[in-house]
Structures are given as structure tokens and as C-alpha cells.
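The values are calculated or read from the model by the stated rules, or taken from the named source; none is laboratory data. Only a predicted model underlies this, so the values are computations on that prediction, with no experimental measurement involved. Glycine gets a Cβ as well: all are built from the backbone with ideal geometry, and neighbour counts include every protein chain shown.
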Amino acid sequence: MATGEAGLSRREQYRFVITAAGPRYASITVALILGLPIGAYISGNLMVLFYVHIGLAAFWFGMDFFFRYVLAPAVAEAEPQIVVSLLPHLSPKIMVVGEALTLGTLGSGVGLAHRLGYLTTPTVWVWAALGIATVMLFIAFVPLHSSQTELLLELDSTNPDLVRVEKLNQTALRWLMGMTSLFLVILVMMVGMRGLIG
């Protein structure tokens, strides 16, 4: 078991993940992914904000799909020593990108709803989308973040427990699958907000 695993504060967890991902990589990634929607919102240009939101959402969904259905099965079939050497470099980068995309996509969606006036008198679709967005944020930053951080800490230990690593990886993948499913539901909510369904 990783040293001090149970005793890490949330700040220490993020410091550990950022160090593992590389501070330069993490700062550039977060600045780009969060800077785009913030800049688009401040610009007041609805078209720019709309396409930034759609672009981030497509990137997020594509990354989730690739990770869940392409990369994860390939890693599962690899030799244990390959997994132990690969995941400490891959997982923190995926965490940084994934969590930034969660904030950027959902934040730009709320910003777009605000600019379009949907938050003035919210419909059932708006309330549903906001509720689902809140659940997605919770999943991304609590159980998914925790299971991925525990996995990294386990791999960082002197003698990683590969059975525990696999269990933590499966837990993370289940949470990720839940987020992908909610992403599809919120897509229906967005279509409803645009008046295309009843």
C-alpha cells in the first residue's frame, strides 16, 4: 500500500497528481481547456461560445470513449510490468485533461444557457441539465478522482499490489462509464432546451 495514502488531504492529492502529470503539462493543459470557454464567455459572442462548448464536449466524449473502449482493454491485456510502468505516466495526464474538460464543458454550457437567457425563467429541461451537470461534477471530482488517485498512489509504492490496482482501475472505469451515460442524457436535455423535443 502507498505511503500515507489514507492521510492525504485533497490539496496533497492534487499536488501529487500534478507532479505525476508534470507541472508544465498540467498548467498548459488547464490554461488552454479552461481559458477557451472563459474567453468565449467574456467575448459575448454566442457563436464562439456555442462552438467552444460543442468542441469541448466532443473532445470530452471522444476521450472518454477512447479511454473506456480502446485504451483500457489494451492495458488490461498487457503484461503486469507494462501496466505498472505505463499507468503512472498515463493516468495523471488523463486525470488533468479529464477534470479540466469536465469543468470547461459544463461551465461553458452554463455560460451558454446564461447568454441565451435560459437561466432567467428555467424550463424543466434547464433544471434537468443543471441537475445532471451537478451529478457529473460530483462524480468527476469525488469518487472518480479518489479511485484514480488511490491507483496512482498504489503504483507509486515500493511494492504495488497489482490486484488492488486492477480493482481501483475497474472502479474508475465504472464511474467513467456513469459519466459517459450522463453525458448522453444531458445531450438530450440540450436538445430539449433548444425546443426540438416536447
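Observations on the model:
- Of all residues in region 101-123, one or more are under 20 Å from Thr171 (Cβ atoms), β-branched (Val, Ile, Thr), under 20 Å from the mean Cα position of the chain (by Cα) and at pLDDT 90 or above.
- Val48 vs. criteria free of Cβ contacts under 8 Å to residues at least 40 places away in the same chain, in contact with a helix residue (DSSP H, G or I) (Cβ under 7 Å, 6 or more places away or on another chain), in a helix (DSSP H, G or I) and closer than 26 Å to Ala113 by Cα: yes
- Tally of residues being among the β-branched types (Val, Ile, Thr) and at pLDDT 85 or above across region 174-198: 3
- Scanning region 128-167 for residues that are out of contact with any Ser or Thr (no Cβ under 8 Å at 6 or more places or on another chain) and over 20 Å from Leu87 (Cβ atoms) returns Ala128, Ala129, Leu130, Gly131, Ile132, Ala133, Thr134, Val135, Phe138, Ile139, Val142.
- Any hit, region 136-150, residues being in a loop (DSSP other than H, G, I, E, B) and out of contact with any helix residue (DSSP H, G or I) (no Cβ under 7 Å at 6 or more places or on another chain): yes
- Comparison of Leu34, Leu49 shows that the only residue that is farther than 19 Å from Asn169 by Cα, among the aliphatic types (A, V, I, L, M), surrounded by 14 or more Cβ atoms within 10 Å (Cβ to Cβ) and touching a Lys or Arg at 6+ places or on another chain (Cβ under 9 Å) is Leu49.
So that you can scan it fast, the table gives a plain yes or no per residue for (1) β-branched (Val, Ile, Thr); (2) in contact (Cβ under 8 Å) with a residue 24 or more places away in the chain; (3) touching a helix residue (DSSP H, G or I) at 6+ places or on another chain (Cβ under 7 Å):
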site: Arg11; (1), (2), (3): no, no, no
site: Leu36; (1), (2), (3): no, yes, yes
site: Ser43; (1), (2), (3): no, no, no
site: Phe61; (1), (2), (3): no, yes, yes
site: Phe66; (1), (2), (3): no, no, no
site: Glu77; (1), (2), (3): no, no, no
site: Val84; (1), (2), (3): yes, yes, yes
site: Met95; (1), (2), (3): no, yes, yes
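- Across region 121-146, the number of residues qualifying as crowded, with 16+ Cβ neighbours inside 10 Å and among the hydroxyl-bearing types (Ser, Thr, Tyr) comes to 1.
- Residue check, Thr171 modelled with pLDDT under 95, hydroxyl-bearing (Ser, Thr, Tyr) and within 19 Å of Tyr69 (Cα to Cα): yes
- From the list Val126, Val165, Val185, Val110, the one residue that fits, being part of a helix (DSSP H, G or I), in contact (Cβ under 8 Å) with a residue 12 or more places away in the chain and either among the charged types (D, E, K, R) or farther than 25 Å from Phe59 by Cβ (or both), is Val165.
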